[in-house]
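The values are calculated or read from the model by the stated rules, or taken from the named source; none is laboratory data. Keep in mind that what you see is a predicted model, and the values were worked out from it rather than measured. Heads up, the Cβs are rebuilt from the backbone with ideal geometry, glycines too, and the neighbour counts pull from every protein chain shown.
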């Protein structure tokens, strides 16, 4: 905290960095290229008060330099996985900035598939996969890196096996019990690794993603809350080094359309997918005694 | 055209309809459900002048009714393919509206995959695929339906096998010749079927999509224009009933990052993916003597 | 058109250019700066078949050069108005490209206001106004420039003075007559100027915008169609040099919320603003005998 | 926290609610209507473990009920200001839900102006203003409401009076000192009111907004950090009941275009507005000894 004498008005928490550097790294050591397509954001926090209070930049590593480092490390270190790359990058930024107490690196990775030609994936032609985005957030301090892996925009839907009933009612409640409804959401999930853990990040990612999907598919749902909790338990049970997992899940409502005026029944067949409003469920599942 | 006497100011071309009805159709005839996820827009054109000039709605089928028909036909007719559904829907809307000369139905379809559980796709749990969106535009007149199939947001990239050189130069030209560059685009493609053709729409869709991707992958590119033309030729050569194909393709620039200030070379390895501006190439390939 | 012998498959309509160059032009001839904030897209069409069929770029002015010209002309010519700038730019691009038959320049302008300080607008500090975006589309051919001015995202709403009733009904119609409803839309409007007309573009823009708003406000609406037609008539009546005007207007539905279950009446007071689906009305009003 | 015996895997922090209810409230007590256009999100947190672990909804007030309450309170309580409405709504939701420890209500308000007709604002016709969105976040607990007011998307720009130099340099630094550059940002600002304070929310909002703009305009900037700090100080100095203010400010880069290849100088006149990456500065200014 920094202040000007007598006012009691001081600088509070602050950080700065460069957001959304769009890095595309082609690995072309052989004729069979690989592609890594990233969106990288970096930030630094620490004692940068002079920049705010006195316009003194002498301790400020420019965001332009952060961006340069992002691209240079895509070459120097490589981007084998978002986590591995982010650890190296965050460590570097912290070292380069004496006033910084921490560096935070956020990475989004967009997946690409090889274009199939005669049944085989092409050497250097790719099609973007779409679907979920893989994410990583690494915070590096003098204690070392803290790694959170994740994904967002994983859109899933069950056409049956979901109910919602027996809920609290007040004078503004009009919702009837539902015995069989569509359950759909666009998952954002973040799982935190035990300090010092260095799993094969990509293998772990694929395993967590598969567990999330399988649990969503095979769990009868009495509420989105229950489904999320089951998904979190499945991941923490299978992965000892994951200490907690956080979900943000919009309940994407699908309303059954009333076709009776047109002489048609509608036993769970025709729905309108609504945009807004939507339910929003946020929950963490944690392993006791860990941080 | 309609006018008020003496002014010379008249109604010109006009149409109206309901845009973006989000229809989700679950087929649950067996326990193995299917899902069709559509965004449907309808419009009518014809002699609706009185609605504009006199506020007379007697010939206007409300857009709310159009929306009801969209949902009712998802049940009554089903949505086996966007094209098939759009033909039925457009035909109905035209019949229901004596003043209409034509009905246009636009459909976007979002693809879902079954969630894999123990190696098998689940019966009623799905994950949205992402990637390209399948499209169909059907115009129905007294002459019958005219069908255009397509896709959008098919994002493809070649990490080599693309050049751009020997171009026209003027005093504002600074671009050097490029012998080896990244070529990337997000394709919007629309292909028109011969009047009266009724192929298996979904089989044709998969074939065209595969041809587009394969041709993109295997054609050495001297410009995005050449690549599009080759893709179009491949489709028209393989599909006799397709009379023309139109491309809209942003040239998504990937600029090689200068790493020399950091003592690093960069032989086609690290790129920045730019947002704006972007090249934009639009071209049709047509079969002579057809409409 | 170009073909390869014997196939009957030929190149159809095509054009290419650079989209969305984001030009910010500061006029700083005095200490009282002015700002012009533009999004500029250019394209060329003509005989560019060789680029498609043979990969021959010798007649292709690169989109990179088009972008350079966009920025150079922001200095050389200035951007007093979108129309004036687009005419100069399009004329240049056509001249620089012998194979081109036409050049199309599209401009969006974002408005800024001076930040008020002690009641006066600041010399060099601005706040973006928001609201509608001013647009211009200029097509330049050997016959000279053809100018269309416009705006988009002008969002307007009437809380009364709008009905919709007496419409065509069929078996899918459930909508009741509405005697008093909210009418809301986000206008896209494009008006075309008589060839050779060179009005003060910005004065005309302000006049047309005011006429559109006033007519919307003061016209009792029996349908959005009628309102659009009245707006168009008002503009064409006041501006002799405008030959036609085109509207694209989503009917942004505001549904009255049923508060009766909560013991509350709702005489046109509480609405839910819906996202999708929405009505979409498109119409032109034209002056007879003009192009 | 809740657990299943022996696993050590437990439920962590969680909350749920209904996001983005789009409320439009027309005040029509006289023929001169008023409009309030809101986007309202509500959520509850507390002891909802049974819903997650056992699918027991008996303590869960449905998000559908929360939505109903949102609309009912727009009538019952009115929406004179976002803060006032959010306090009433949050208080109600907390009371209705015994298991809840807190209710959070977030409101965005979109401003509308009366359409000018003959120099006067129309009684019931409006045009959406655009520009910044007013926001409020109210958290209600047994201790009462905690109120944070704010705005987002306030886009400001200075065409001179901004430098950035004397910064820390390392081997990845290529940025030269800048003596005169464009400074532009899209502000998100949130200011927190002392507990129990009940100012005229809208008057305070207008005052804070004006102070932010004026300070931005009149402060010479040696970095965006310094400008934000000055803005925060100005607000806290003028408003004793505001205890802290938080800024999130993307540095929207405007790069000077090199026109020298075209024989043109460019003394701060022609810029390209970049999309990504962008600097991102986050900082709070706080009053010591307050919460």
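Here is how the numbers come out for the structure above:
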{"item": "Yes/no for residue B:250 being buried (at least 23 other Cβ atoms within 10 Å of the Cβ) and either touching a strand residue (DSSP E or B) at 6+ places or on another chain (Cβ under 6 Å) or at pLDDT below 95 (or both)", "result": "no"}
{"item": "Leading residue by the ranking (nearest to the other protein chains (Cβ to nearest Cβ)) among those in segment B:76-87 that are modelled with pLDDT of 95 or more and surrounded by fewer than 19 Cβ atoms within 10 Å (Cβ to Cβ)", "result": "B:76"}
{"item": "Yes/no for residue D:85 being in contact with a strand residue (DSSP E or B) (Cβ under 9 Å, 6 or more places away or on another chain) and closer than 24 Å to residue A:224 by Cβ", "result": "no"}
{"item": "Test for residue C:127: is it farther than 30 Å from residue C:32 by Cα and either at pLDDT below 95 or assigned to a strand (DSSP E or B) (or both)", "result": "no"}
{"item": "Residue list for segment A:199-213, restricted to those being surrounded by 15 or more Cβ atoms within 10 Å (Cβ to Cβ), without any contact (Cβ under 8 Å) to a residue 40 or more places away in the chain and within 21 Å of residue A:36 (Cα to Cα)", "result": "A:207"}
{"item": "Hits in segment A:81-102 (condition: in contact (Cβ under 8 Å) with a residue 40 or more places away in the chain and closer than 21 Å to residue B:270 by Cβ)", "result": "A:81, A:82, A:83, A:84, A:85, A:86, A:87, A:89, A:90, A:91, A:93"}
{"item": "Residue selected from segment C:156-180 under the condition surrounded by fewer than 22 Cβ atoms within 10 Å (Cβ to Cβ) and touching a residue at least 60 places away in the same chain (Cβ under 8 Å), by the criterion farthest from residue C:237 (Cα to Cα)", "result": "C:180"}
{"item": "Condition check for residue D:196: facing another protein chain (nearest Cβ under 7 Å) and surrounded by fewer than 20 Cβ atoms within 10 Å (Cβ to Cβ)", "result": "no"}
{"item": "Residues being touching a helix residue (DSSP H, G or I) at 6+ places or on another chain (Cβ under 8 Å) and under 22 Å from residue A:206 (Cβ atoms) - total across segment A:130-157", "result": "12"}
{"item": "Set A:181, A:188: member being away from chain B (no Cβ under 14 Å) and farther than 30 Å from residue B:159 by Cα", "result": "A:188"}
{"item": "Residue list for segment A:241-288, filter: more than 11 Å from chain D (Cβ to nearest Cβ) and within 30 Å of residue A:200 (Cα to Cα)", "result": "A:241"}
{"item": "Filter result for residue C:281 (in contact with a helix residue (DSSP H, G or I) (Cβ under 9 Å, 6 or more places away or on another chain), in the same structural domain as residue C:199 (by TED's automatic domain parsing), assigned to a strand (DSSP E or B) and buried (at least 23 other Cβ atoms within 10 Å of the Cβ))", "result": "yes"}
{"item": "Candidates D:123, D:177, D:190, filtered to the one that is touching a strand residue (DSSP E or B) at 6+ places or on another chain (Cβ under 9 Å) and closer than 30 Å to residue C:216 by Cβ", "result": "D:123"}
{"item": "Some residue of segment D:39-57 being within 21 Å of the chain's Cα centre (by Cα), modelled with pLDDT of 95 or more and farther than 18 Å from residue D:94 by Cβ", "result": "yes"}
{"item": "Per-region count, segment C:256-265, residues farther than 18 Å from residue C:157 by Cβ and touching a strand residue (DSSP E or B) at 6+ places or on another chain (Cβ under 7 Å)", "result": "1"}
{"item": "The listed residue being buried (at least 21 other Cβ atoms within 10 Å of the Cβ) and touching a residue at least 12 places away in the same chain (Cβ under 8 Å), out of C:42, C:31", "result": "C:42"}
{"item": "Any hit, segment C:62-73, residues being under 30 Å from residue B:287 (Cα atoms), crowded, with 21+ Cβ neighbours inside 10 Å and at pLDDT 95 or above", "result": "yes"}
{"item": "Residue C:226 over 19 Å from the mean Cα position of the chain (by Cα) and either within 30 Å of residue B:64 (Cα to Cα) or within 10 Å of chain B (Cβ to nearest Cβ) (or both)", "result": "yes"}
{"item": "Residue check for residue D:218: within 9 Å of another protein chain (Cβ to nearest Cβ) and free of Cβ contacts under 8 Å to residues at least 12 places away in the same chain", "result": "yes"}
{"item": "Segment A:252-274, residues that are assigned to a loop (DSSP other than H, G, I, E, B) and either within 17 Å of residue C:277 (Cβ to Cβ) or outside the structural domain of residue A:164 (by TED's automatic domain parsing) (or both)", "result": "A:252, A:253, A:257, A:258, A:259, A:274"}
{"item": "Residues satisfying the stated conditions in segment C:49-67, i.e. within 8 Å of chain B (Cβ to nearest Cβ) and touching a helix residue (DSSP H, G or I) at 6+ places or on another chain (Cβ under 7 Å)", "result": "C:51, C:52, C:53, C:55, C:56, C:57, C:59, C:60, C:61"}
{"item": "Lone unmet requirement of (1) part of a strand (DSSP E or B); (2) in contact (Cβ under 8 Å) with a residue 60 or more places away in the chain; (3) within 14 Å of chain D (Cβ to nearest Cβ) for residue C:149", "result": "(3)"}
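Conditions (1) closer than 27 Å to residue C:120 by Cα; (2) outside any strand (DSSP E or B), marked per residue:
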{"position": "D:195", "(1), (2)": "no, yes"}
{"position": "D:212", "(1), (2)": "yes, yes"}
{"position": "D:217", "(1), (2)": "yes, yes"}
{"position": "D:225", "(1), (2)": "yes, yes"}
{"position": "D:233", "(1), (2)": "yes, yes"}
{"position": "D:246", "(1), (2)": "no, no"}
